[in-house]
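Since the structure comes first, as structure tokens, the remarks are kept for the end.
The values are calculated or read from the model by the stated rules, or taken from the named source; none is laboratory data. Values in this document were obtained by computation on a predicted structure and should not be read as measured data. Don't worry about glycine lacking a Cβ; one is built from the backbone with ideal geometry, like all the others, and counts go over all protein chains shown.
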Amino acid sequence: MRPGRGRNHVGLKVDKRSDLLYVTGGTSKAIYVYDSETGDDVRTYALPPSGFVNDVVVTKRAVYATDFSVQHGQAVPRPVADRALARDRAGPARA
């Protein structure tokens with residue numbers, strides 16, 4: 001997958017619960033979310049106060065990114081839509 005115009009791809013993490021691929025954007029100051037099966041663009045988390053977003057960790061409730069140039073991390077709450085997509089792809093709950 002190649003980054004779109006104005007985007008960089010630096011670090012990545014696949015969330016197996018939702019089959020979403022989270023990609024840090026380096027100097028493009030964002031986290032990009034793609035469908036890991038189709039490559040479709042799902043969402044962009046803009047991180048305007050950042051300098052170089054280089055690594056990402058995904059939990060059930062948030063996406064965490066580190067910023068190499070200013071040496072701090074940022075957390076972005078995962079929207080309900082991401083969690084709903086994860087549930088839909090996981091199928092029915094098992095008892």
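Looking only at strands (runs of 3 or more DSSP E) that lie completely in region 31-77, which have at least 1 residues being over 15 Å from Lys13 (Cα atoms)?
Working: elements: 41-46, 53-58, 62-67, 72-77.
Once the strands (runs of 3 or more DSSP E) in region 31-77 are filtered for at least 1 residues that are over 15 Å from Lys13 (Cα atoms), what remains is 41-46, 62-67, 72-77.
So is Asp19 on the phi > 0 side of the Ramachandran plot and of a type outside the set (Gly, Ala, Ser) or not?
Numbers: on the phi > 0 side of the Ramachandran plot: yes; of a type outside the set (Gly, Ala, Ser): yes.
Yes, satisfied.
Table: residues versus (1) touching a strand residue (DSSP E or B) at 6+ places or on another chain (Cβ under 9 Å); (2) at positive phi; (3) of a type in the set (Lys, Arg); (4) surrounded by fewer than 16 Cβ atoms within 10 Å (Cβ to Cβ).
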position: Arg5; (1), (2), (3), (4): no, no, yes, yes
position: His9; (1), (2), (3), (4): yes, no, no, no
position: Gly25; (1), (2), (3), (4): yes, no, no, no
position: Ala30; (1), (2), (3), (4): yes, no, no, no
position: Asp35; (1), (2), (3), (4): yes, no, no, yes
position: Thr44; (1), (2), (3), (4): yes, no, no, yes
position: Pro49; (1), (2), (3), (4): yes, no, no, yes
position: Asn54; (1), (2), (3), (4): yes, no, no, no
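Please pick out the residue among Leu85, Leu21, Leu47 that is at pLDDT 90 or above and either over 18 Å from Arg5 (Cα atoms) or among the hydrophobic types (A, V, I, L, M, F, W, C) (or both).
On the way: Leu85 fails: at pLDDT 90 or above; Leu47 fails: at pLDDT 90 or above.
Just a single option satisfies the conditions, and that option is Leu21.
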